[in-house]
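Structure record follows, encoded as structure tokens.
The values are calculated or read from the model by the stated rules, or taken from the named source; none is laboratory data. What you see is a predicted model, and the numbers here were worked out from it, not measured in a lab. Glycine gets a Cβ as well: all are built from the backbone with ideal geometry, and neighbour counts include every protein chain shown.
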Amino acid sequence: MTKTQRQHRINELIEREVISTAAQLVTRLQGEGITATQATVTRDLQELGTIKVRDEHGSRRIVVASSPKLSSPPLDHLRRMMGEWVVSVESSANLVVLRTPPGCAHVVASALDRSALDGVLGSVAGDDTLLVIASDEHGGAAIAESFRELAGLE
């Protein structure tokens with residue numbers, strides 16, 4: 001089986017089933033006769049652009065970031081992600097820095113990208129830090145204040 005075929009099958013599995021870990025995927029793939037290590041599946045998940053979210057039933061699951069299974073409106077989803085993962089918000093000029101626990105910045109970045117907030121030009125996520133660029137009209141301080149409210153940090 002090629003990498004593309006394996007990734008296609010992984011995508012099908014995470015769309016149809018509640019899968020919350022790479023280890024669960026490895027087991028599921030093995031059940032279908034597909035051999036893959038957990039490291040390989042983890043890389044596949046990263047390349048597919050997956051994130052972990054809570055679905056409409058409250059279950060943690062892996063989904064493709066643009067998946068229609070994310071039933072919440074983008075702003076509600078952003079509010080939940082920020083409330084759950086953002087631990088601090090700071091600003092300077094037109095830049096805002098959000099801090100998260102290790103490995104969580106991409107989750108917030110994905111929710112932020114889908115929300116298409118006014119005044120946000122873009123973002124760059126690392127492991128535990130997210131840099132957000134605000135438009136000149138809005139400025140970093142105003143955007144940071146909005147983020148603090150969304151995250152419940154005030």
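Looking at Ser59, Ser115, Ser135, Ser91 in this structure, which one is in the same structural domain as Asp44 (by TED's automatic domain parsing) and among the polar types (S, T, N, Q)?
Working: Ser115 fails: in the same structural domain as Asp44 (by TED's automatic domain parsing); Ser135 fails: in the same structural domain as Asp44 (by TED's automatic domain parsing); Ser91 fails: in the same structural domain as Asp44 (by TED's automatic domain parsing).
Ser59 is the lone residue from the list that is in the same structural domain as Asp44 (by TED's automatic domain parsing) and among the polar types (S, T, N, Q).
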Restricted to region 38-65 and to residues being free of Cβ contacts under 8 Å to residues at least 40 places away in the same chain, of a type in the set (D, E, K, R) and out of contact with any Ser or Thr (no Cβ under 6 Å at 6 or more places or on another chain), the residue nearest to Ile10 (Cα to Cα) is Arg43
Glu90, sole failed condition from (1) assigned to a loop (DSSP other than H, G, I, E, B); (2) in contact with a strand residue (DSSP E or B) (Cβ under 6 Å, 6 or more places away or on another chain)
(1)
Every pair of residues 6+ apart whose Cβ atoms lie under 6 Å, when the first sits in region 105-127 and is at pLDDT below 85 while the second is crowded, with 17+ Cβ neighbours inside 10 Å:
Ser115/Leu78
For region 115-154, name all the residues that are within 18 Å of the chain's Cα centre (by Cα) and in a loop (DSSP other than H, G, I, E, B).
Ala116, Leu117, Gly126, Asp127, Asp128
